[in-house]
Amino acid sequence: MKRECVSCSTGKFLGLFMIFGLACLMLTHASKTPSVTDGLSKGLGTNEEQKVVTDVGVRFKKLLRRAPRLPPRLSGNEKFSSGIFTGKPNEHDEEKWKARQRNVKEAFTHAWSGYKKFAMGYDELLPLSMQGFDGLGGLGATVVDSLDTAMIMGLEEVVSEAGSWIESNLLERISQKGDVNLFETTIRVLGGLLSAYHLSGGDQDMNLANTGPKPTIYLEIAKNLADRLLSAFTSSPTPIPYSDVLLKNSSAHPSSNLLSSTSEVSTLQLEFNYLSAISGDPKYKTEGMKVFAHFKTLPKVEGLVPIYVRYVS
């Protein structure tokens, strides 16, 4: 019995070794030519010969590459029951989604009521100490950032409270506040104002909001803020904008390590392009798109620029 086990294991090993050897022979035989052999032995391979050798390596890598993982597939009954083909969810699914919508709105309303009570006008609410905190420059980031969500949910009371605060306080905050981060201020404050302008019908010359200020108020404040943020672009010696802006005097300065996050500076174009589209002033889009043009000139590794880029060329 011991001899049989040994012979069985040896046979398996020899079988696998034979299969592997045949595969290698097939790959080398399919791509081997006399000129390549001669060229390699002399160290004088031409470009065509090097290409053949490269093809062998690529084929071998493909042989060892693991197959991609495919997403799970639903059975026929599951597809039809979930309404994928018909596009019409059944009554059970519809009630389930309505319940989820109510839960999300209740969670949002709960969070807003806590913020309004303990930190209205601050950037953030610290839930444990129940105190307001200006961690993003003191522009009331939560107020502006929450407005478009409240509009989508149809929470008119929140829209009225947030919109009224923005109309009464935000311009003054912008003109008085100091150091803010370009990226955070763009995506939260500038983006929030532009979203509110769009959802209230401003880009359609309509006023769809039943409460809060007119859409033009959001646009005028957005332009005032963006004009100050543009100093991050115009102050930099390259198209890569500085990371921080002093709003009160429209100046900017780089980070201490003279580096900027690639993901941050390459996402500002959404807000700046849209602002140019609705205001008719191309300067916002022009500065934002210079970043992409600059990226094309940077050295790349496998087509990718680094995670961080320098302000200086």
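Points worth noting:
- For region 177-229 and region 259-313, distance of Cα centres in Å: 21 Å
- With 0.36 nm allotted per residue and the present C-alpha distance subtracted, the residue 283-residue 164 stretch has 39.9 nm of extension available.
- Net length gained if the chain between residue 70 and residue 108 were fully extended (0.36 nm per residue, minus Cα distance): 10.1 nm
- Of the peptides 95-107, 243-255, the ranking by mean beta-carbon count within 10 Å, highest at the top, reads 243-255, 95-107.
- Restraint check, 177/223; 117/214; 117/177; 177/296; 177/300; 116/177, Cα-Cα greater than 28 Å: 177/296; 177/300
- The phi-based Karplus calculation (6.51 cos²θ - 1.76 cosθ + 1.60; θ = phi - 60°) puts the 3J(HN,Hα) values of region 279-290 at 9, x, 9, x, 5, 5, 5, 4, 5, x, 6, 4 Hz, whole numbers, x for Gly and Pro.
- Interchain or long-range residues, amide H under 5 Å from residue 252's placed H: 246
- Amide hydrogen neighbours beyond the local backbone of residue 140, cut-off 5 Å, H modeled: 123
- R0 of 30 Å, Cβ-Cβ distance residue 249-residue 152: FRET efficiency to nearest 0.05: 0.25
- Sorting the segments 292-300, 222-230, 150-158 by their residues' average number of neighbouring beta-carbon atoms within 10 angstrom, most packed first, yields 222-230, 150-158, 292-300.
- Dipole magnitude (debye, nearest 20) for region 103-310, charges at Cβ of Lys, Arg, Asp, Glu: 560 debye
- Taking label positions 7 Å along the Cα-Cβ direction at both residue 263 and residue 23, the computed distance is 3.7 nm, reported to one decimal.
- Charge sum, other residues only, whose C-beta stays under 13 Å from residue 173's C-beta, Lys/Arg counted +1 and Asp/Glu -1: -1
- Using the Karplus relation 6.51 cos²θ - 1.76 cosθ + 1.60 with θ = phi - 60°, the per-residue 3J(HN,Hα) values for region 159-169 come to 4, 5, 5, 5, x, 5, 5, 4, 5, 8, 10 Hz, with x marking Gly and Pro.
- Model label sites at residue 235 and residue 13, defined 7 Å from Cα along the beta-carbon direction, differ in position by 7.1 nm.
- Couplings for region 142-147, taken from phi via the Karplus curve 6.51 cos²θ - 1.76 cosθ + 1.60 with θ = phi - 60°, read 5, 4, 5, 5, 8, 4 Hz in order; Gly and Pro are left as x.
- Probe 1.4 Å, accessible area per residue of region 144-234, Å²: 41 Å²
The values are calculated or read from the model by the stated rules, or taken from the named source; none is laboratory data. Not measured: the values here are computed from a predicted model. Counting neighbours? That spans all protein chains shown, and the Cβs are built from the backbone with ideal geometry, glycine included. Ligands, DNA and RNA are stripped out before the accessible areas are found, and what is left, the full protein with its side chains, is counted by its heavy atoms. Shrake-Rupley method; radii C 1.70, N 1.55, O 1.52, S 1.80 Å.
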